[in-house]
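Asks: Supplied in structure tokens, the structure appears directly below.
Every read-out reported here was derived from the displayed coordinates using simple, explicitly stated rules and does not represent laboratory data. Quick caveat, the model's predicted, so the values are computed rather than measured. Because the Cβ atoms are built from the backbone with ideal geometry, glycine has one as well, and the counts that use them run over all protein chains shown.
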Amino acid sequence: MRKHWLLFTQTVTIALAFLFVIHTLKPELLPSAARNGVITIYESTAPAVNPPLTGLSFAAKKAMPSVVNIYTSTIIKTPPLLDDPRFRFFFGDQSPKKRSSLGSGVIVSPDGYILTNHHVVEAADQIEVALADGRKSRAHVIGSDPETDLAVIKIDLPGSLPAITFGHPENAHVGDIVLAIGNPFGVGQTVTMGIISALKRDHLGLNTFENFIQTDAAINPGNSGGALVDTNGNLVGINSAIYSPNGGSLGIGFAIPATIAKKTMEQIMQYGSVTRGWIGAGIQEVSPDAAAFSSDHTRGVLITEVLHNSPAELAGIKAGDVLIAIDSKPINDWSAMLDTIANLPPGKIVPVKLVRNGKEVALPVKIGKRPKPAEQ
């Protein structure tokens, strides 16, 4: 009997020890593991070092610190007549009111220069910039260019600011992945993804000089002035406008190429404004009707008017001429003519090739300085 009892106690001891080991190391094997509302879950152990960023997360993390939120306010002044107490009795209080708006910008220099849209800061009485790291600063306008819808503002903060790296949009292709970074609807910094839908979009009626990158990355009100970056986090465009009947993103957004933005920015930072060439002639595309008006030429642009005492008039250019080349560069449409002349320095004398009465004519033209939009 004693042997049986000893054998029983040894078996129970071994079984309890086995259950203890299973409960400690593999509790999920026990049918009682889920009793009394207790369940077993699995959690991954936190890595000692975060894995390296790859792909789009790398591009976003690289570019996001360089994109800022811009808040502007404009005081709407009341006409002096409405300050009269008798008018207030009938029309109520007409004291000056403040209008606020928002947008985005891109830090382009470690010492605080920021590139944004002209329409973001136009007529603003006060500009405040909020950085991605939470810092805020008042900003002042260095200069702006309504004809490309670009402006440069500056903030003064201690230390070196995270300036963005400019990319090469001239090497971009339709179908390339891009990220749009900005402050849509004032919700805070946001990154959206899309592709380049088209290049060299013009004739949109948005700016005088148009050469837009079209993208389907979501761009909404508040994104204006923000960054369009490639998969390396480099700037390829400044988000500028959307096509939308209701103000929301429909997948048709437009960005100013970084090459144009950089050239405009450098002139603004150096001179406070942009200087462009000008000849003072009205033009239109050479349509079949226009060709009948002048000649049978179907390339170039038709001169429809010549301003008095302008470089074009002084050179002998006349309405009805078809301009086909400037400074030995062929001209096929009005956009090419605007860009070619605008890039020429005022004072330079260049050859202009025309078709007049079916014959080619070459005239030297001294390039003038393009007037500001208000003067035009």
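Asks: Once the range 277-369 is represented by equal point scatterers at the alpha-carbon sites, with solvent omitted, what log10 I(q)/I(0) does the Debye formula produce at q = 0.13, 0.19, 0.21, 0.22 Å⁻¹?
Replies: Results for the range 277-369 at q = 0.13, 0.19, 0.21, 0.22 Å⁻¹ read -0.35, -0.77, -0.95, -1.05.
Asks: Evaluate the distance, in nm, between pseudo-label points positioned 7 Å from the Cα of T259 and of E305 along their respective Cα→Cβ axes.
Replies: With each label placed 7 Å out from Cα toward Cβ, I get 3.3 nm.
Asks: By average Cβ neighbour count within 10 Å, what is the ranking of 181-193, 141-153 from highest down?
Replies: 141-153, 181-193
Asks: Then there is this: Could you list H203, H308 in order of exposure, starting from the residue whose Cβ has the fewest other Cβ atoms within 10 Å?
Replies: So the residues, fewest neighbours to most, are H308, H203.
Asks: Give K263/K359; K154/K329; K200/K366; K200/K353; K62/K263 a once-over and call out the pairs whose C-alpha atoms are over 32 Å from each other.
Replies: Listed pairs above 32 Å: K263/K359; K154/K329.
Asks: ³J(HN,Hα) across the range 130-147 via Karplus (A = 6.51, B = -1.76, C = 1.60, θ = phi - 60°), whole Hz, x for Gly/Pro?
Replies: 10, 7, 5, 8, x, 6, 10, 7, 6, 10, 10, 7, 7, x, 8, 9, x, 6
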